[in-house]
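The values are calculated or read from the model by the stated rules, or taken from the named source; none is laboratory data. As the structure is a prediction and not an experimental result, all values here were calculated from the model. Note that each Cβ is placed from the backbone with ideal geometry, even for glycine, and that neighbours are counted across all protein chains shown.
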C-alpha cells in the first residue's frame, strides 16, 4: 500500500496524496494500515479521491463510512476528499458531504487545488 500515495509539502505542511483510480479503503483494516503508513511519513494530512473508497463507503447502510470517518477523528487525521457531487447517487451521502462542509478534520471538495489549499491551512 505504501506505493499508493506520494508525500507533498506546501506552506510548511506535509501531506499524503493518494493515487487516482485505486481503491485503497475497503475495510477498517485498510484504513488503519494507511493511517500507519502516513504516520510513518510524518504527516496526519491526506488527500483522497472519490475512487479511493469502495462503493460500500458511499452506502451509509453498510457502516463503512462511519468506521473510516471515526478512525480519521480518533487519530486526528485531516482529510480532504475530492469527488464530484453529481457522481454521488445517494441523497443521504450527499447530506453527509454537506454536513462536513465546515468540519475542521474532514471536507469534501470538487476541486483538487481547493482541497490541497485547505489541507495546508
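Being surrounded by 17 or more Cβ atoms within 10 Å (Cβ to Cβ), touching a residue at least 24 places away in the same chain (Cβ under 8 Å) and touching a helix residue (DSSP H, G or I) at 6+ places or on another chain (Cβ under 8 Å) is true for just one of 96, 32, 69, 60. Which residue is that? Working first, answer last.
Details: 32 fails: surrounded by 17 or more Cβ atoms within 10 Å (Cβ to Cβ); 69 fails: touching a helix residue (DSSP H, G or I) at 6+ places or on another chain (Cβ under 8 Å); 60 fails: surrounded by 17 or more Cβ atoms within 10 Å (Cβ to Cβ).
Selected residue: 96, the only one of 96, 32, 69, 60 that is surrounded by 17 or more Cβ atoms within 10 Å (Cβ to Cβ), touching a residue at least 24 places away in the same chain (Cβ under 8 Å) and touching a helix residue (DSSP H, G or I) at 6+ places or on another chain (Cβ under 8 Å).
Restricted to the stretch 79-88, and to residues that are in contact with a helix residue (DSSP H, G or I) (Cβ under 8 Å, 6 or more places away or on another chain) and either surrounded by fewer than 16 Cβ atoms within 10 Å (Cβ to Cβ) or in contact (Cβ under 8 Å) with a residue 60 or more places away in the chain (or both), which residue is farthest from residue 15 (Cα to Cα)?
So the first thing to find is which residues in the stretch 79-88 are in contact with a helix residue (DSSP H, G or I) (Cβ under 8 Å, 6 or more places away or on another chain), and the list is 79-85, 87-88.
Imposing the further condition that a residue be either surrounded by fewer than 16 Cβ atoms within 10 Å (Cβ to Cβ) or in contact (Cβ under 8 Å) with a residue 60 or more places away in the chain (or both) reduces the set to 84-85, 87.
Details: 84: 22, 85: 24, 87: 25 Å.
Within the stretch 79-88, the match that is farthest from residue 15 (Cα to Cα) is 87.
Restricting to the stretch 1-29, what's the tally of residues that are in a helix (DSSP H, G or I) and farther than 17 Å from residue 106 by Cβ?
We begin by selecting, within the stretch 1-29, every residue in a helix (DSSP H, G or I); these are 2-4, 28-29.
From what is left, the residues that are farther than 17 Å from residue 106 by Cβ are 2-4, 29.
So the count comes out to 4.
Restricting to the stretch 2-11, and then to whatever is more than 15 Å from the chain's Cα centre (by Cα) and modelled with pLDDT under 95, can you tell me which residue is farthest from residue 41 (Cα to Cα)?
Result: 3.
Name the single residue, out of those in the stretch 81-98 being in contact with a strand residue (DSSP E or B) (Cβ under 9 Å, 6 or more places away or on another chain) and in a helix (DSSP H, G or I), that is farthest from residue 110 (Cα to Cα).
Result: 96.
Among the candidates 11, 19, 4, 55, single out the residue that is surrounded by fewer than 16 Cβ atoms within 10 Å (Cβ to Cβ) and touching a residue at least 40 places away in the same chain (Cβ under 8 Å).
11
Quick one: in the stretch 99-113, of everything that is without any contact (Cβ under 8 Å) to a residue 24 or more places away in the chain, within 14 Å of the chain's Cα centre (by Cα) and in a helix (DSSP H, G or I), which residue is surrounded by the fewest Cβ atoms within 10 Å (Cβ to Cβ)?
The extreme case among them is 101.
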